[in-house]
Amino acid sequence: MDIEIIIQILCGGYKGEAVSFEEVERKLSSVLPRLPVRKVIMGWNPDRKLYEKTAAYLAKRNIELYLWLSVFSETCVMRDLAALVDINGRRIERKEEHEGEDFSFSCPGDRHNIEKILDIYENEFASIPFSGVFLDKIRYPSFANGYGPGQGYSGVFSCFCPSCLATYEKENFDIARLKSALARLAFGPASGPSKSYPAPLSIREYRGNGEYLFEEEALASFFSQKSRVISESLKSICQYFRDKGLGIGLDVFAPFLSPFVGQDLRILSGLCDFIKPMMYRVTQAPAGMPFETGALLRETNCSRSQSSEFYRLLGINPAKYPFDLDFASRDLAGMAASSSCPVYAGMEINRVPTLAETSPGYVAETIRAYSKTGVKGFALSWSILDAPEENIIAAEEAINTL
C-alpha cells in the first residue's frame, strides 16, 4: 500500500529560543531512512538559520520543508491583534498554555488581523526557501479553551466585535434569536443541566463529516456564520501564499468537532493541497478527541442522560479508551470521501506525560485502522522530536505491513 508520511517538528514558539539544528538533524537522520517521509512541517519559532539548514538538509533527500505557521492563535505575541468579543460584549483575552502554546485567539474576521499576521510571515519567514506553508490554529476557540471556570462556551459563542457584527447584519443573522436559544439551553456556570432537549446543543442527528442537525435553528445558523468567516479569511490567506508559489496544508479538528470551531471541512479542503484532521485519540489537550468531547459536554451543562444521547447519536462507545477507534475511523473515512484534496490523518507519535500517553500498541493499531479509511497517509504529530524510539519502530513496522 502506497502510504505517505508527513512529520512535524515543533521547534519553539514565536518568542524564546528555538531547538538546535543538531537536535533536528539527529532525529531526522534516524527517522528518514525508515519511513516514507514526503514532507517535514516545522515551526514556528522565527530562527532563520534553523530553517535554512533544515531546508538544505532535506533538499538533498528530495523532501519538502513546510513552514508550520500558527495563524489566529499565538500571533498576538508578535503583533497587536484585535481580540475576540463574546456574546455579552466582553473581550476574550485570557491566555491558556499547553506545552508552551498559549491558545489565545484573535478575531479571524478582522481584515487588519489578517494583514498583520501575513506581515509576520513577510518579516520573519519570506526569505527562507520553504516549499509551502502549513496553517495551524485556523479556527475559533473550542469548548476546551476556557476563559474562566465554566465559561468555555464563551469562546465558542464569539465573535461579536464591530467587524463581526457588521458581517452578521449584512447576512441578516438574528443575534437576539441566538441569545434566546442559549437561554433555553441553560448555558453558564450558575445554570443547572438543561432539560429542554435530549442531547446537548439541541443536536438531533449527526450525518458525518461535521454535519449536524439542530432543533434550535439559531445555533445551526450561527455555526454556519462562523464557518463562513473562517472560510472567507482562509481564501484570502491561501491566495496570498498561492501567489508566492507555495504549497498549502491545513490543520483542522476531527470532523465531528469541526463545526464548533468554525471549520467547514468540505470548503477548506478546496483551498489547499492537503489537509490534516487531528484524529488524536489519547491527547488530553486542545484538539484531542477525548479532551474536546469532555469539554463540550461539561461546558454545555449536560446531564448524564444528555451525554449518553450525544454518544448514541454519534455512535461512540464512551467506555473505550483510547477514544473509540471505530468511530474515529468512520468519521475520518467520511471526511476522506468528500475531501477535494488528499487527507493525511493526524495522529500522536510523541509521548507527553499526562497529555499524550502514547504507546507502541496505540501507534500500530491507529495506523492499521486509519489506513483503511481512504487517507493518503499520516501526519505524525505533535512533534517527532518528542517521539520515543519504540513508537517510531511501531510506526515503521505497521506501515511496512500495510
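For every other residue with a beta carbon closer than 15 angstrom to the beta carbon of Ala319, add +1 if it is Lys or Arg and -1 if Asp or Glu, then tell me the sum.
Values: positive: Arg281, Arg304, Arg312, Lys320; negative: Asp324, Asp326.
Value of the local net charge: +2.
For Cys161, what is the net charge nearby, where nearby means another residue's Cβ is under 9 Å from its Cβ and Lys, Arg count +1, Asp, Glu -1? Could you put the intermediate results ahead of the total?
Numbers: positive: Arg91; negative: Asp110.
Value of the local net charge: 0.
What is segment 226-298 by shape, rounded, prolate or oblate, if you read a ≥ b ≥ c off the alpha carbon gyration tensor as root eigenvalues and call it rounded for a/c under 1.5, prolate for a/b larger than b/c, and oblate otherwise?
Taking the square roots of the gyration eigenvalues as a ≥ b ≥ c, segment 226-298 is prolate.
When a/c reaches 1.5 or more, the comparison of a/b and b/c decides; with that in mind, is segment 205-357 rounded, prolate or oblate per its Cα gyration tensor? Don't jump to the answer; show the numbers that get you there.
Numbers: a/c = 1.96, a/b = 1.34, b/c = 1.47.
In terms of gyration-tensor shape, oblate.
Assuming R0 = 51 Å, what is the FRET efficiency of Arg61 and Lys320, from their Cβ-Cβ distance, to the nearest 0.05? Don't jump to the answer; show the numbers that get you there.
Values: r = 39 Å, r/R0 = 0.77.
Between Arg61 and Lys320 the formula returns 0.85.
May I have the convex hull volume per residue, in Å³, for the Cα set of segment 268-399?
Numbers: hull volume 15.1 nm³, N = 132.
Expressed per residue, the convex hull around the Cα atoms of segment 268-399 is 114 Å³.
Can you list residues whose amide H is under 5 Å from Ser383's amide H, if they're 5+ apart or on another chain and H is modeled 1.01 Å from N?
Answer set, sorted by chain and number: Ile349, Asn350.
Evaluate 2.2 N^0.38 Å with N set to the residue count of the chain, then give the Cα radius of gyration divided by it.
Here the answer is 0.95, to two decimals.
Can you give the log10 of the normalised intensity I(q)/I(0) at q = 0.17 Å⁻¹, computed with Debye over equal Cα scatterers of segment 1-79?
-0.67
Greater than 25 Å separation of Cα atoms is the criterion. Which listed pairs, Lys49/Lys376; Lys244/Lys372; Lys49/Lys235; Lys235/Lys276; Lys226/Lys376, meet it? Working shown, then result.
On the way: Lys49/Lys376 32 Å; Lys244/Lys372 35 Å; Lys49/Lys235 30 Å; Lys235/Lys276 17 Å; Lys226/Lys376 29 Å.
Beyond 25 Å: Lys49/Lys376; Lys244/Lys372; Lys49/Lys235; Lys226/Lys376.
For the chain, find the longest principal axis of its Cα atoms and tell me its angle to the long axis of helix 48-59, 0 to 90°, nearest 10.
Once rounded, the angle reads 60 degrees.
Quick check: the angle from helix 289-299's long axis to the longest principal axis of the chain, C-alpha only, nearest 10 degrees?
20 degrees
All of the numbers you see were taken from the coordinates with simple rules; none came from a lab. Since we're looking at a predicted model, the values are computed, not measured. Ideal geometry is used to build each Cβ from the backbone, glycine not excepted, and the neighbour counts take in all protein chains shown.
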